[in-house]
Amino acid sequence: MQSRAHGFTLIELLVAIAVLAIVAVLGWRGLDAIVRSRATLTSQMDQTRGLQLAFAQMESDCENLTTSGDLHGRSNLQAQADSLTLVRSVFAENDATRLQVVSYRVRNGVLTRRESAGTRDLVQLDALWQAAINDTDPTPGVVLQEGVAGLAMRLWVNDNWRPAIGAVTQQPAAAPAINANVPTGLEVAVQMGSQETALIKVFLLGAI
């Protein structure tokens, strides 16, 4: 009597195929989640790197904020929602110190920085300041960060934080060194569209 050959039945094959299909789907979902997480992490790292560079540039500009004595009573800082304009001193080797108007703007989710040409002429500086304030400066801005939902600022004045709502004119150099109306610090809060909390940085004004 011949022995019957053993093998898989149709039902067993269908069950095996179904199990393999389930394992494949679970594996694909796991791999897809890893790829998505990696893409999100890379995007966040790029944002963090871009903001670090933007904050480093802001810190340099704030440290080199021009004193009121050099401006003869003119405004050297204007900070308000989504915009920051200041006058900084530019130090070049073997050259006289020059003044430069720097402006930060958030437009359509893009944070840009624009700087004027250096000058020692206060009349020309007035024109550069007005062009920066009115956003009529034709100089193209440098993109620092995209995906920015908003920019908020506060000034440290007389040991208190105050909302930054307009131009600030520091006292002339002949005035007392301690003045309640002279800001010594600037807080910048950058709200990214993909994050719930704002990224905050504090800078000293005129530290150099």
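The values are calculated or read from the model by the stated rules, or taken from the named source; none is laboratory data. Bear in mind the structure is a predicted one, so any value in this text is a computation, not a measurement. Neighbour counts are summed over all protein chains in view; Cβ atoms, including those assigned to glycine, are modelled from backbone coordinates with ideal geometry.
At a glance:
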read-out: In the range 110-135, the residues that are closer than 25 Å to residue 50 by Cα, of a type in the set (Gly, Ala, Ser) and touching a strand residue (DSSP E or B) at 6+ places or on another chain (Cβ under 7 Å); value: 116, 132
read-out: In the range 51-102, the residues that are more than 15 Å from the chain's Cα centre (by Cα) and hydroxyl-bearing (Ser, Thr, Tyr); value: 66, 67, 68, 75, 89, 97
read-out: Condition broken by residue 53, with the remaining ones in (1) at pLDDT 95 or above; (2) under 23 Å from residue 199 (Cβ atoms) satisfied; value: (1)
read-out: Residue count for the range 120-169, restricted to those that are in contact (Cβ under 8 Å) with a residue 60 or more places away in the chain and touching a helix residue (DSSP H, G or I) at 6+ places or on another chain (Cβ under 6 Å); value: 2
read-out: Any strands (runs of 3 or more DSSP E) falling wholly within the range 108-208 and containing at least 2 residues that are modelled with pLDDT of 90 or more; value: 110-115, 142-146, 148-157, 160-163, 185-192, 199-204
